[in-house]
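Asker: This is the structure, below, for whatever I ask next.
The values are calculated or read from the model by the stated rules, or taken from the named source; none is laboratory data. Because the structure is predicted, anything quoted here is derived from the model rather than measured. Note: ideal-geometry Cβ built from the backbone for every residue, glycine included; neighbour counts use all protein chains shown. Note: accessible area is taken over every heavy atom of the protein model, side chains too, but ligands, DNA and RNA are not part of it. Shrake-Rupley method; radii C 1.70, N 1.55, O 1.52, S 1.80 Å.
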Amino acid sequence: MQSSSLSLASHKRRWLKLLGWGVILGALTWAWQGAEMQPGLLVKNTDNMVQLAGDFFPLRFGNLKHYIAQMLVTVQIAIWGTLLAVVFAIPCSLLSSENLVPWWVYQPMRRLMDACRAINELVFAMLFVVAVGLGPFAGTLALFIHTTGVLAKLFSEAVEATEAGPMEGVRVTGAGRIEEIIFGLIPQVLPLWISVSLYRFESNIRSATVLGMVGAGGIGVSLWETMRGFQYSETATIMLVIIVAVTLLDMVSQQVRKRFI
Amino acid sequence: MSLTNIAVEQLSKTFGRTTVLQDVDFEIDAGDMVALIGPSGSGKSTLLRLMVGLTRANREQRSRVTIMDRAVQQRGKLTRCSRAERCRVGYIFQQYNLVGRLSVLTNVLIGHLGSMPRGRALLGRFNRQERLRALEALSRVGLESLAGQRANTLSGGQMQRVAIARALVQDADIILADEPIASLDPRSAREVMKILQRINEEDGRTVLVTLHQVEYAREFCRRAIALKQGRLYYDDSIQHLTDARLQALYDDEGLCELFDRRPQQPDTITQPAAAGAAL
């Protein structure tokens with residue numbers, strides 16, 4: 001009796017498993033068609049690609065200094081974009097946490113942050129280029145708006161995961177609401193906030209390398225121009241500069257982050 | 001200053017459908033040390049939270065909590081109290097509620113937030129005098145040597161003493177302690193109770209402490225208030241709390257032996273029933 005019910009259950013589970021795989025395969029096939037996946041092209045165009053790869057070498061270091069200067073601008077854009085975002089994300093995240101404010105405050109604030117986050121940096125950059133003109137400032141503003149949306153969400157998730165106890169402990173001493181947040185809440189979330197901000201800084205450096213393609217400053221301009229001029233050996237140099245810079249800053253930022261966790 | 005420090009009138013509290021407190025009335029005189037006892041779930045913690053305004057009572061006409069002649073809440077609404085008024089009541093939690101990542105000293109300094117100028121409070125800039133008072137409070141609870149340590153590195157008993165030091169710095173006239181020794185080992189528990197007793201005797205601060213070990217209540221308090229199933233069950237000197245009464249208090253049976261000093265007028269009994277019918 002028991003063994004038959006057991007085999008019945010395992011039968012059922014097997015069918016469910018098969019069905020699950022079927023659904024996954026179906027979804028993958030569907031996406032394959034939409035994405036027009038043609039691995040055959042990779043084989044067919046091998047000659048083409050070998051030629052392109054060959055064009056990358058030898059690297060040309062004539063403009064290296066210029067590229068490094070441009071990369072520094074890129075990092076500077078990321079620094080200010082991230083910093084402004086952190087500063088604005090703090091109040092916005094507090095105002096979108098359901099354990100701190102009533103729903104008629106956090107709902108609109110969350111939707112506003114959703115909007116900031118939904119639109120890609122590059123799109124914001126194109127808009128800001130129109131608004132404030134070509135150059136790094138437009139890029140900084142673009143990173144700032146998008147990152148504010150991202151950080152506000154991550155920050156407020158940390159706030160909502162805190163314990164109420166320490167805040168009550170501060171409240172009963174007669175402290176005001178803001179002191180309660182500063183002394184009871186912020187110490188709880190600070191390590192996570194710092195870690196998340198540094199992570200966003202790393203990813204903002206990566207994002208900032210393409211902002212120049214739409215005229216919003218940084219190394220993206222050179223990247224775009226050399227590619228359009230088929231100067232692939234220059235492009236390769238730029239990519240090398242980007243890889244080195246991003247790796248270095250990731251390492252530094254990771255080291256800093258480790259100290260706060 | 002009037003002699004009555006705390007007055008609780010007609011306090012009821014329901015969470016959803018469960019009634020946690022029903023028509024609780026009592027007064028506590030300045031300088032007294034009172035134990036609030038009762039089985040778990042009898043509403044002790046809720047009562048204490050209501051008294052400090054962390055929770056709101058039901059919106060009933062005559063419900064009111066008054067502390068030193070100022071209403072904390074009335075008809076289920078918190079009254080707007082200034083920071084100075086709020087810091088006259090210190091509160092000690094079972095789970096200490098310290099800020100774990102801050103140092104012991106900073107945790108004690110938090111007790112100053114209610115009374116210092118707002119600008120300095122927001123920036124957390126404590127002056128020398130405030131620091132000295134915090135250290136003094138720490139030495140009263142015997143922890144001055146741990147001032148620089150992070151609060152979350154302490155043991156339970158030490159954390160509870162830090163919480164008491166915070167209430168001392170706050171210079172509260174009344175200390176409400178919610179199960180302060182429930183999560184402590186016997187030695188730390190005794191130590192914490194002794195500190196509370198000293199604060200009561202040396203400084204003349206009123207202490208109301210919830211306990212579930214009655215021996216501690218008998219040893220350290222002068223008066224006991226007992227709750228059973230959300231109602232006032234006993235309110236008298238601790239000496240009159242006989243073993244038979246205690247047994248009845250912790251019995252699962254109903255409220256057969258209700259608090260004896262309560263006037264047995266018919267209207268006090270029919271009133272809650274009438275209110276229930278109106279709902």
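Asker: Which numbered condition trips up B:ARG101, out of (1) facing another protein chain (nearest Cβ under 8 Å); (2) under 18 Å from the mean Cα position of the chain (by Cα); (3) of a type in the set (Lys, Arg)?
Answerer: Evaluating B:ARG101 over (1) facing another protein chain (nearest Cβ under 8 Å); (2) under 18 Å from the mean Cα position of the chain (by Cα); (3) of a type in the set (Lys, Arg) leaves (2) as the failure.
Asker: Hey, another quick one. Being open to solvent by less than 80 Å² (accessible area, probe 1.4 Å) and in contact with a Ser or Thr (Cβ under 8 Å, 6 or more places away or on another chain) narrows it down to one of A:LEU84, A:LEU100, A:LEU95, A:LEU141, so name that one.
Answerer: Numbers: A:LEU100 fails: in contact with a Ser or Thr (Cβ under 8 Å, 6 or more places away or on another chain); A:LEU95 fails: in contact with a Ser or Thr (Cβ under 8 Å, 6 or more places away or on another chain); A:LEU141 fails: in contact with a Ser or Thr (Cβ under 8 Å, 6 or more places away or on another chain).
Criteria check complete, one pass: A:LEU84.
Asker: Here is a further query. Name the single residue, out of those in segment A:158-176 being facing chain B (nearest Cβ under 7 Å) and part of a loop (DSSP other than H, G, I, E, B), that is surrounded by the fewest Cβ atoms within 10 Å (Cβ to Cβ).
Answerer: Ranking the qualifying residues of segment A:158-176, first place goes to A:GLY176.
Asker: Which of the residues spanning segment B:121-160 are within 14 Å of chain A (Cβ to nearest Cβ) and among the charged types (D, E, K, R)?
Answerer: B:ARG125, B:GLU130, B:ARG133, B:ARG150
Asker: What number of residues within segment B:161-185 are away from every other protein chain (no Cβ under 14 Å) and of a type in the set (Gly, Ala, Ser)?
Answerer: Count: 1.
Asker: Filter segment B:75-87 down to residues that are of a type outside the set (D, E, K, R) and either at the interface with chain A (Cβ under 10 Å from one of its Cβ atoms) or farther than 15 Å from B:VAL52 by Cα (or both), then give me how many there are.
Answerer: Our first condition is that a residue be of a type outside the set (D, E, K, R); within segment B:75-87, this holds for B:76, B:78-79, B:81-82, B:84, B:87.
Subsequent filtering for residues that are either at the interface with chain A (Cβ under 10 Å from one of its Cβ atoms) or farther than 15 Å from B:VAL52 by Cα (or both) retains B:81-82, B:84, B:87.
Matching residues across segment B:75-87 total 4.
Asker: Test of understanding: among B:THR55, B:THR4, B:THR14, which residue is open to solvent by 30 Å² or more (accessible area, probe 1.4 Å) and within 18 Å of B:ILE175 (Cα to Cα)?
Answerer: Numbers: B:THR55 fails: open to solvent by 30 Å² or more (accessible area, probe 1.4 Å); B:THR14 fails: within 18 Å of B:ILE175 (Cα to Cα).
When all the criteria are applied, what remains is B:THR4.
Asker: Kindly indicate whether B:GLN73 is in a strand (DSSP E or B), in contact (Cβ under 8 Å) with a residue 40 or more places away in the chain and among the polar types (S, T, N, Q). First the steps, then the outcome.
Answerer: Details: in a strand (DSSP E or B): yes; in contact (Cβ under 8 Å) with a residue 40 or more places away in the chain: no; among the polar types (S, T, N, Q): yes.
No; evaluated as a whole, the condition is false for this residue.
Asker: Does at least one position in segment B:199-222 carry a residue that is surrounded by fewer than 20 Cβ atoms within 10 Å (Cβ to Cβ), in contact with a Cys (Cβ under 7 Å, 6 or more places away or on another chain) and in contact (Cβ under 8 Å) with a residue 60 or more places away in the chain?
Answerer: No, the conditions are met nowhere in segment B:199-222.
Asker: Can you tell me which of (1) open to solvent by 10 Å² or more (accessible area, probe 1.4 Å); (2) modelled with pLDDT under 90; (3) of a type in the set (Gly, Ala, Ser) is the one A:SER203 doesn't meet?
Answerer: (2)
Asker: Could you check segment B:108-186 for helices (runs of 4 or more DSSP H) lying wholly inside it with 3 or more residues that are β-branched (Val, Ile, Thr)?
Answerer: B:156-169
Asker: Can we say B:ASN200 is part of a helix (DSSP H, G or I) and within 14 Å of chain A (Cβ to nearest Cβ)? Outline the logic, then answer.
Answerer: Working: part of a helix (DSSP H, G or I): yes; within 14 Å of chain A (Cβ to nearest Cβ): no.
Spelling it out, it is not the case that B:ASN200 is part of a helix (DSSP H, G or I) and within 14 Å of chain A (Cβ to nearest Cβ).
Asker: Quick check on my filter: what residues within segment A:83-95 are in a helix (DSSP H, G or I) and either more than 16 Å from the chain's Cα centre (by Cα) or closer than 16 Å to A:VAL210 by Cβ (or both)?
Answerer: Taking segment A:83-95 and keeping what is in a helix (DSSP H, G or I), we get A:83-94.
Scanning segment A:83-95 gives A:VAL87, A:PHE88, A:ILE90, A:PRO91, A:CYS92, A:SER93, A:LEU94.
Asker: Filter segment A:119-139 down to the residues that are under 15 Å from the mean Cα position of the chain (by Cα) and either β-branched (Val, Ile, Thr) or within 14 Å of another protein chain (Cβ to nearest Cβ) (or both) and list them by number.
Answerer: If the condition is that a residue be under 15 Å from the mean Cα position of the chain (by Cα) and either β-branched (Val, Ile, Thr) or within 14 Å of another protein chain (Cβ to nearest Cβ) (or both), then A:ILE119, A:VAL123 are the ones that fit.
Asker: Taking B:LEU47, is it modelled with pLDDT of 85 or more, out of contact with any helix residue (DSSP H, G or I) (no Cβ under 8 Å at 6 or more places or on another chain), within 23 Å of A:GLU168 (Cα to Cα) and outside any strand (DSSP E or B)? Break it down into steps so the answer makes sense when it comes.
Answerer: Numbers: modelled with pLDDT of 85 or more: yes; out of contact with any helix residue (DSSP H, G or I) (no Cβ under 8 Å at 6 or more places or on another chain): yes; within 23 Å of A:GLU168 (Cα to Cα): yes; outside any strand (DSSP E or B): yes.
Yes: the conditions hold for B:LEU47.
Asker: Collect the residues in segment B:104-120 that are open to solvent by 40 Å² or more (accessible area, probe 1.4 Å) and more than 8 Å from chain A (Cβ to nearest Cβ), keeping them in residue-number order.
Answerer: If we filter segment B:104-120 for residues that are open to solvent by 40 Å² or more (accessible area, probe 1.4 Å), which is where we start, we get B:115, B:117-120.
Listed by number, the residues that qualify are B:PRO117, B:GLY119, B:ARG120.
Asker: Next question. Is it true that A:LEU154 is surrounded by 22 or more Cβ atoms within 10 Å (Cβ to Cβ) and outside any loop (DSSP other than H, G, I, E, B)?
Answerer: Working: surrounded by 22 or more Cβ atoms within 10 Å (Cβ to Cβ): no; outside any loop (DSSP other than H, G, I, E, B): yes.
Criteria not met by A:LEU154.
Asker: Now for a separate question. If you check A:VAL221, A:VAL252, A:VAL210, A:VAL189, which single one turns out to be open to solvent by 20 Å² or more (accessible area, probe 1.4 Å), assigned to a helix (DSSP H, G or I) and more than 19 Å from A:ASN120 (Cα to Cα)? Lay out the reasoning, then the answer.
Answerer: Details: A:VAL221 fails: more than 19 Å from A:ASN120 (Cα to Cα); A:VAL210 fails: more than 19 Å from A:ASN120 (Cα to Cα); A:VAL189 fails: open to solvent by 20 Å² or more (accessible area, probe 1.4 Å).
Going through A:VAL221, A:VAL252, A:VAL210, A:VAL189 in turn, just one is open to solvent by 20 Å² or more (accessible area, probe 1.4 Å), assigned to a helix (DSSP H, G or I) and more than 19 Å from A:ASN120 (Cα to Cα): A:VAL252.
Asker: So, in segment B:235-248, how many residues would count as being more than 11 Å from B:ALA35 (Cα to Cα) and either among the hydroxyl-bearing types (Ser, Thr, Tyr) or open to solvent by 10 Å² or more (accessible area, probe 1.4 Å) (or both)? Walk me through it before giving the result.
Answerer: The initial filter retains those residues of segment B:235-248 that are more than 11 Å from B:ALA35 (Cα to Cα), namely B:239-248.
Filter once more, so that each one left must be either among the hydroxyl-bearing types (Ser, Thr, Tyr) or open to solvent by 10 Å² or more (accessible area, probe 1.4 Å) (or both): B:239-240, B:242-248.
Qualifying residue count for the region: 9.
Asker: To continue, here is another question. Hey, can you tell me all the residues within segment A:16-62 that are under 31 Å from the mean Cα position of the chain (by Cα), part of a helix (DSSP H, G or I) and touching a residue at least 24 places away in the same chain (Cβ under 8 Å)?
Answerer: Result: A:LEU52, A:PHE56.
Asker: Report, by residue number, each residue of segment B:165-192 that is of a type in the set (A, V, I, L, M), more than 16 Å from A:GLY174 (Cβ to Cβ) and either open to solvent by 10 Å² or more (accessible area, probe 1.4 Å) or in contact with a strand residue (DSSP E or B) (Cβ under 8 Å, 6 or more places away or on another chain) (or both).
Answerer: If the condition is that a residue be of a type in the set (A, V, I, L, M), more than 16 Å from A:GLY174 (Cβ to Cβ) and either open to solvent by 10 Å² or more (accessible area, probe 1.4 Å) or in contact with a strand residue (DSSP E or B) (Cβ under 8 Å, 6 or more places away or on another chain) (or both), then B:ALA177, B:ALA182, B:LEU184 are the ones that fit.
Asker: Go over the candidates B:GLY41, B:GLY90 one by one and state the one that is of a type in the set (Gly, Ala, Ser), surrounded by fewer than 17 Cβ atoms within 10 Å (Cβ to Cβ) and either away from chain A (no Cβ under 14 Å) or assigned to a strand (DSSP E or B) (or both). Spell out how you get there, then give the answer.
Answerer: Details: B:GLY90 fails: surrounded by fewer than 17 Cβ atoms within 10 Å (Cβ to Cβ).
Of the residues listed, the single one that is of a type in the set (Gly, Ala, Ser), surrounded by fewer than 17 Cβ atoms within 10 Å (Cβ to Cβ) and either away from chain A (no Cβ under 14 Å) or assigned to a strand (DSSP E or B) (or both) is B:GLY41.
Asker: Within segment B:72-87, track down each residue that is open to solvent by less than 20 Å² (accessible area, probe 1.4 Å) and within 29 Å of B:GLY142 (Cα to Cα).
Answerer: B:CYS87
Asker: Within segment B:55-70, how many residues are within 14 Å of the chain's Cα centre (by Cα) and either free of Cβ contacts under 8 Å to residues at least 40 places away in the same chain or part of a loop (DSSP other than H, G, I, E, B) (or both)? Don't jump to the end; show me each part of the working.
Answerer: First, pick out the residues of segment B:55-70 that are within 14 Å of the chain's Cα centre (by Cα): B:55, B:65-67.
Within this subset, residues satisfying the condition of being either free of Cβ contacts under 8 Å to residues at least 40 places away in the same chain or part of a loop (DSSP other than H, G, I, E, B) (or both) are B:55.
The number of residues fulfilling the criteria is 1.
Asker: Please state which one of B:VAL141, B:VAL169, B:VAL207, B:VAL162 is under 20 Å from B:LEU50 (Cβ atoms) and of a type outside the set (Phe, Trp, Tyr).
Answerer: Details: B:VAL141 fails: under 20 Å from B:LEU50 (Cβ atoms); B:VAL169 fails: under 20 Å from B:LEU50 (Cβ atoms); B:VAL162 fails: under 20 Å from B:LEU50 (Cβ atoms).
After applying the criteria, what remains is B:VAL207.
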